[in-house]
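This report concerns only the one structure given below.
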Amino acid sequence: MARPETETELAELILGANGPLSIRGGGTRGIATDGEPVDTTALHGIRLYEPGALTLVAGAGTPLADIDTVLAEKGQRLAFEPMDHRALMTTAGEPTIGGIAAANISGPRRLQAGAARDHMLGVRFVSGTGDIVKNGGRVMKNVTGYDLVKLMAGAHGTLGVLTEVSLKVQAIPEAEATLILRDQPMSDAIADLTRAMGTPYDVSGAAWLSSGATRGPCERRIRIEGMAGSVAYRAAKLSDLLGADTVVEEDDSAILWREIRDVTPFANRDGAVWRISTRPTAAATLCDALKAGGLDITTIADWSGGLLWLLTPETGDAGAALIRAETARHGGHATLIRANSAIRASVPTFQPLSPALDRIATGLRRKFDPRGILNPGLMGPTT
């Protein structure tokens, strides 16, 4: 396994590669493509942190835990609440900021604060041609026609290998509270969650868990954060408007959202795991269609229904044909997050693109990685 110590070493390695490269950070998501492994964890370290400017620059291999610790010392955090995949995927290692950025990993607060890409000010990366490219923020070198910061977020290392990420951060709020309502059907819960998002009460989390996920009554959860007095006021207003069996605060509230962020109700349970992005208003109808098609699903709905996590039996294709057909019909896309090796070998990780989008994606890969050596096949054909 190659483990470059510097950006220049990485560029030389990619330039001199005679075959495919499998780009790896902390290894917590359990994804490994064919090719020579390239470990980016040596490209670590916080290069700049200005708490007053809410700005942080870190090497791509920097563990997320290190960043969280440094930010917490100044009462700050990453607003987009990135997921830790280790429990769900039964993996070791440490999540890195490069892996978070490359996959655009965004947690429950995305519906209020935006995705990881929205907090990325700049990037440095090495393309498939061995060129060192920098774009945005404090490392300004624009490449005409591309917003490379947004382009690299979610490319999963197929266009270039991240070496540094510049981020904006935010202050940790004084208080948080979660309103819980149990035994509410999914369709009613999603309607309430979308209604909550339309209020002036600044909701930062809106989720529903099926009874299979909680192993008890299903739960609707709504989170609010901010100054203590404001949180108390908004919690009371939302309780009056939408109802709540329980209101939990501070650490007890935070535990509930780490559970949703990391999808821990599906950890240590048999089954394939799917991640579906769709319209909140389509979420309940989509799940009903999957059940009507004979698929046994356990559901966590985050982002007021815009993000669905499904646990399905690991038989046949784990529901892939039905899930992807119904997801496409409802205007979304489905990603296979976890499955056994036989299903992995036969089911693509990502939803197949439409012909128009596939042409764009193929063109981008040819531009940034003309030899098709970076994580080949992960997000589509290599040519």
- Note on the structure: Of the residues in region 256-272, those that are hydrophobic (A, V, I, L, M, F, W, C) and within 10 Å of A213 (Cβ to Cβ) come to I260, V263, F266
- Query: So which helices (runs of 4 or more DSSP H) are wholly in region 107-220 and hold at least 1 residues that are touching a Ser or Thr at 6+ places or on another chain (Cβ under 9 Å), free of Cβ contacts under 8 Å to residues at least 40 places away in the same chain and aliphatic (A, V, I, L, M)?
  - Reply: 148-152, 186-197
- Test: P265 is surrounded by 17 or more Cβ atoms within 10 Å (Cβ to Cβ), touching a residue at least 24 places away in the same chain (Cβ under 8 Å) and in contact with an Asp or Glu (Cβ under 7 Å, 6 or more places away or on another chain): yes
- Message: With the requirement that a residue be in contact with a Lys or Arg (Cβ under 8 Å, 6 or more places away or on another chain), without any contact (Cβ under 8 Å) to a residue 40 or more places away in the chain and surrounded by fewer than 16 Cβ atoms within 10 Å (Cβ to Cβ), what does region 326-358 give you?
- Response: P352
- Note on the structure: Residue count, region 86-106, condition in a loop (DSSP other than H, G, I, E, B) and more than 18 Å from L167 (Cα to Cα), comes to 5
- Candidates A334, A325 - the one that is farther than 20 Å from G205 by Cβ and either at pLDDT below 95 or in contact with a strand residue (DSSP E or B) (Cβ under 7 Å, 6 or more places away or on another chain) (or both): A334
- Is it fair to say R86 is more than 10 Å from the chain's Cα centre (by Cα), under 18 Å from R258 (Cα atoms) and surrounded by 19 or more Cβ atoms within 10 Å (Cβ to Cβ)? yes
- Of the residues in region 70-95, those that are among the polar types (S, T, N, Q) and within 21 Å of R110 (Cα to Cα) come to Q76
- Message: Quick check on my filter: what residues within region 131-156 are hydrophobic (A, V, I, L, M, F, W, C), at pLDDT 90 or above and surrounded by fewer than 17 Cβ atoms within 10 Å (Cβ to Cβ)?
- Response: I132
- Query: Would it be correct to say that A292 is in contact (Cβ under 8 Å) with a residue 40 or more places away in the chain and either closer than 25 Å to G205 by Cα or of a type outside the set (D, E) (or both)?
  - Reply: no
- Query: Could you give every pair whose Cβ atoms fall below 9 Å, whose first residue belongs to region 65-85 and is assigned by TED's automatic domain parsing to the domain that holds L54 and outside any helix (DSSP H, G or I), and whose second residue is at pLDDT below 95 and surrounded by 17 or more Cβ atoms within 10 Å (Cβ to Cβ), counting only separations of at least 6 or pairs across chains?
  - Reply: D84/T28; H85/T28; H85/R29
- Query: Out of region 90-121, which residues are surrounded by fewer than 20 Cβ atoms within 10 Å (Cβ to Cβ) and farther than 18 Å from W303 by Cα?
  - Reply: T90, T91, A92, G93, E94, L121
- Per the list (1) closer than 20 Å to E81 by Cβ; (2) not assigned by TED's automatic domain parsing to the domain that holds H44, residue check on A189 breaks on (1)
- Of G305, G294, which residue is surrounded by 23 or more Cβ atoms within 10 Å (Cβ to Cβ) and either under 26 Å from E81 (Cα atoms) or out of contact with any strand residue (DSSP E or B) (no Cβ under 8 Å at 6 or more places or on another chain) (or both)? G305
- Task: Could you please give the count of residues in region 48-75 that are surrounded by fewer than 14 Cβ atoms within 10 Å (Cβ to Cβ), within 30 Å of G128 (Cα to Cα) and not small (G, A, S)?
- Result: 1
- Message: Considering only region 239-255, I want to know if a residue exists there that is within 23 Å of G198 (Cβ to Cβ) and free of Cβ contacts under 8 Å to residues at least 12 places away in the same chain.
- Response: yes
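The values are calculated or read from the model by the stated rules, or taken from the named source; none is laboratory data. Quantities reported herein were computed from a predicted structural model and do not represent experimental measurements. Don't worry about glycine lacking a Cβ; one is built from the backbone with ideal geometry, like all the others, and counts go over all protein chains shown.
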